[in-house]
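Step one of this worksheet: look at the structure below.
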Amino acid sequence: MITLLRRATAVCALGAALAACGTAEPPRAASTPASAPASRPPTLAPGPAGLTPVFAHGSRTRGRTVALTFDADMTAGQGARAAAGERFDHPRLISTLRTLKVPATVFMTGRWAEEYPDQARSIGRDPLFEVANHSYSHYAYTPDCYGLPTVPGTRMRSDVERAYAAFRRVGVPEPMPYFRFPGGCYDRRALKALAPTGVTAVQWDVVGGDAFETDPDVVVRQVLDGVRPGSVVVLHCTRSAAPATERAVRAIVPGLRREGFRFVKVSELIGAVGARP
Ligand SMILES: [Zn+2]
């Protein structure tokens with residue numbers, strides 16, 4: 001097992017511009033407005049000054065649950081590459097998750113949903129999965145984030161809303177009010193800009209390390225070493241940029257099940273934060 005410190009360092013290395021990186025704030029209580037229907041997905045209460053709340057992992061003491069999350073990345077400027085044959089989707093990965101009966105949360109860009117509407121709809125309508133928001137454009141919400149183009153502050157909210165509009169248009173019935181910042185990069189300004197949308201920002205505590213990795217064993221080791229009760233694992237659902245992920249998942253799933261872990265969606269981890277022990 002790698003140490004907590006090393007794991008935190010790995011997360012910080014990925015999210016270089018991550019605000020509050022390395023701090024271990026306990027998750028805030030989940031909020032469910034009294035007037036909301038029972039089926040409304042759980043979210044975290046807003047942070048100080050009404051900022052968008054940030055969730056990185058679930059309870060460490062409520063059982064051995066783990067959430068695999070898959071970012072379906074496609075950047076607004078990659079249409080020409082998709083037209084030339086590059087595949088930003090990963091149907092075999094989704095099929096493997098179904099075969100292994102692994103619930104998962106897919107953080108999808110609006111641009112991805114537009115490129116692969118049938119797959120987006122199929123994932124969105126499958127109760128095994130939940131679709132969450134990974135922005136429309138996959139542009140960065142901070143000035144310096146892995147060289148991604150930047151969304152101006154005045155357009156952050158509309159970029160998120162545009163992704164939800166794309167999900168609705170292709171037939172994703174109930175996308176979740178969860179948002180993952182492209183590159184995991186955020187700051188106070190971004191959290192403030194998104195507050196009116198009511199989303200909970202979802203980070204992670206385990207980096208799968210599958211981006212551009214060709215050896216599945218590297219990913220398997222990193223995930224099996226990193227997962228603790230309540231962990232959120234970030235992986236990718238993009239064939240061209242995550243070529244080993246599907247093979248890795250075929251080993252990660254039985255490996256974690258052998259250790260007594262149960263796979264859940266992010267909503268279950270967030271919902272458990274406010275539940276009684
Ligand atoms: Zn991404």
Could we say that V131 is outside any helix (DSSP H, G or I) and either at pLDDT 95 or above or of a type in the set (F, W, Y) (or both) here? yes
Odd one out for S231, checked against (1) farther than 19 Å from Y141 by Cβ; (2) within 16 Å of the ligand (Cβ to nearest atom): (2)
Going through the range 99-117 one residue at a time, which ones are assigned to a helix (DSSP H, G or I) and in contact (Cβ under 8 Å) with a residue 24 or more places away in the chain? G110, R111, W112, A113, E114, E115, P117
Out of the residues in the range 205-222 that are in contact with a Ser or Thr (Cβ under 9 Å, 6 or more places away or on another chain) and among the aliphatic types (A, V, I, L, M), state the one that is farthest from H90 (Cα to Cα). V206
Residues to consider are R87, R92; find the one that is in contact (Cβ under 8 Å) with a residue 60 or more places away in the chain, more than 15 Å from the ligand (Cβ to nearest atom), surrounded by fewer than 19 Cβ atoms within 10 Å (Cβ to Cβ) and in a loop (DSSP other than H, G, I, E, B). R87
If you check Y178, Y146, which single one turns out to be over 18 Å from H90 (Cβ atoms), buried (at least 22 other Cβ atoms within 10 Å of the Cβ) and in contact (Cβ under 8 Å) with a residue 60 or more places away in the chain? Y178
Restricting to the range 59-84, name every residue that is within 16 Å of the ligand (Cβ to nearest atom) and assigned to a loop (DSSP other than H, G, I, E, B). D73, M74, T75
Report the residue count in the range 191-207 for those that are in a loop (DSSP other than H, G, I, E, B) and more than 13 Å from the chain's Cα centre (by Cα). 1
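For (1) touching a residue at least 12 places away in the same chain (Cβ under 8 Å); (2) touching a Pro at 6+ places or on another chain (Cβ under 9 Å); (3) over 19 Å from M74 (Cα atoms); (4) part of a strand (DSSP E or B), each residue gets a yes or a no:
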site	(1), (2), (3), (4)
G209	yes, no, no, no
T214	yes, yes, yes, no
V218	yes, no, yes, no
R221	no, no, yes, no
L224	yes, no, yes, no
L235	yes, no, no, yes
S240	yes, no, no, no
A248	yes, yes, yes, no
Restrict the check to the range 179-198 and report whether at least one residue is among the aromatic types (F, W, Y), closer than 30 Å to R155 by Cβ and in contact with a helix residue (DSSP H, G or I) (Cβ under 8 Å, 6 or more places away or on another chain). yes
Do you know which residues across the range 143-177 are at pLDDT 95 or above, outside any helix (DSSP H, G or I) and more than 14 Å from the ligand (Cβ to nearest atom)? P143, T150, P152, G171, V172, P173, E174, P175, M176, P177
As an exercise: evaluate A83 against (1) in contact with a helix residue (DSSP H, G or I) (Cβ under 9 Å, 6 or more places away or on another chain); (2) over 30 Å from R228 (Cα atoms) and give the number of the one condition it does not meet. (1)
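The values are calculated or read from the model by the stated rules, or taken from the named source; none is laboratory data. Because the structure is a prediction, the values reported are computed rather than measured. Here the Cβ is made from the backbone with ideal geometry for all residues, glycine too, and neighbour counts use every protein chain on show.
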